[in-house]
Amino acid sequence: MKADTALQSNKTKSLLTEMPLTVNTYDIDIAGHVNNIVYIRWIEDLRAELFSQIYPLEKLLEINYYPVVISTELKYKGQIKLFDKPIGRIFLESYSHGEIILKIEICLNENIAFTATQKCVLMNLTTQKMFMGSIQNLLKKLEKPLD
């Protein structure tokens with residue numbers, strides 16, 4: 001499958017982050033390709049970058065909120081090996097009832113090598129409750145302290 005298929009048709013592509021990923025020698029497993037745990041690290045890097053563009057983590061923590069991953073579904077579609085130059089993409093697919101759905105693609109030579117779906121919520125550090133408001137209210141409230 002060619003890269004960008006899902007991304008180009010997505011209405012939230014303005015909330016898209018793309019960055020090159022590095023394959024290090026210690027990322028390679030005995031079979032000669034990137035170890036599964038590396039994909040999780042890449043997802044973390046991509047999500048951190050996306051959140052920093054929406055609202056920096058430092059500022060989110062200042063107002064007593066932090067993102068929590070509640071699930072991650074991974075699908076491997078091709079191998080990535082040492083010296084390959086993968087590109088990671090993450091975008092906000094949806095937000096409903098406090099649940100943030102992120103879609104991730106890792107591409108190699110414009111072909112999708114890996115996809116993932118990650119679900120996150122924003123938790124209040126003080127009350128230990130998740131933010132349940134609308135995405136519009138969330139984005140507005142991020143400009144000032146959340147309730």
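Only one entry of Phe51, Phe114 meets the criterion of being farther than 30 Å from Asn137 by Cα and within 14 Å of the chain's Cα centre (by Cα), and that entry is Phe114. Name the single residue, out of those in the range 43-68 being touching a helix residue (DSSP H, G or I) at 6+ places or on another chain (Cβ under 8 Å) and touching a residue at least 40 places away in the same chain (Cβ under 8 Å), that is farthest from Ala31 (Cα to Cα). Ranking the candidates gives Leu60 first.
Can you work out which of the residues in the range 17-38 that are part of a strand (DSSP E or B) and without any contact (Cβ under 8 Å) to a residue 60 or more places away in the chain is surrounded by the fewest Cβ atoms within 10 Å (Cβ to Cβ)? My answer is Ile28. Annotation note: of Thr115, Thr127, the sole residue that is in contact with a helix residue (DSSP H, G or I) (Cβ under 9 Å, 6 or more places away or on another chain) and among the hydroxyl-bearing types (Ser, Thr, Tyr) is Thr115.
Here is a list: Glu93, Glu110, Glu62. Which entry is of a type in the set (Asp, Glu), over 19 Å from Glu18 (Cβ atoms) and surrounded by fewer than 19 Cβ atoms within 10 Å (Cβ to Cβ)? Can you show your working first?
Values: Glu93 fails: over 19 Å from Glu18 (Cβ atoms); Glu110 fails: over 19 Å from Glu18 (Cβ atoms).
Among Glu93, Glu110, Glu62, only Glu62 is of a type in the set (Asp, Glu), over 19 Å from Glu18 (Cβ atoms) and surrounded by fewer than 19 Cβ atoms within 10 Å (Cβ to Cβ).
Residue selection: Ala48 fails the criterion of being of a type outside the set (D, E, K, R) and assigned to a loop (DSSP other than H, G, I, E, B).
Every residue, every condition in (1) of a type in the set (Ser, Thr, Tyr); (2) farther than 18 Å from Leu108 by Cβ; (3) in contact with a Pro (Cβ under 9 Å, 6 or more places away or on another chain); (4) at pLDDT 95 or above, yes or no:
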residue: Lys11; (1), (2), (3), (4): no, yes, no, no
residue: Leu15; (1), (2), (3), (4): no, yes, no, no
residue: Leu21; (1), (2), (3), (4): no, no, yes, yes
residue: Asn24; (1), (2), (3), (4): no, no, no, yes
residue: Val34; (1), (2), (3), (4): no, no, yes, yes
residue: Arg47; (1), (2), (3), (4): no, yes, yes, yes
residue: Leu57; (1), (2), (3), (4): no, yes, yes, no
residue: Ile70; (1), (2), (3), (4): no, yes, no, yes
residue: Glu73; (1), (2), (3), (4): no, yes, no, yes
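Kindly establish whether Leu138 is farther than 18 Å from Ile40 by Cβ, at pLDDT below 95 and assigned to a strand (DSSP E or B). Here the answer is no, as Leu138 does not meet what is asked.
The values are calculated or read from the model by the stated rules, or taken from the named source; none is laboratory data. Predicted model, so just to flag it, every value in this text is computed and none were measured. All Cβ positions, glycine included, derive from the backbone under ideal geometry; neighbour counts span all protein chains shown.
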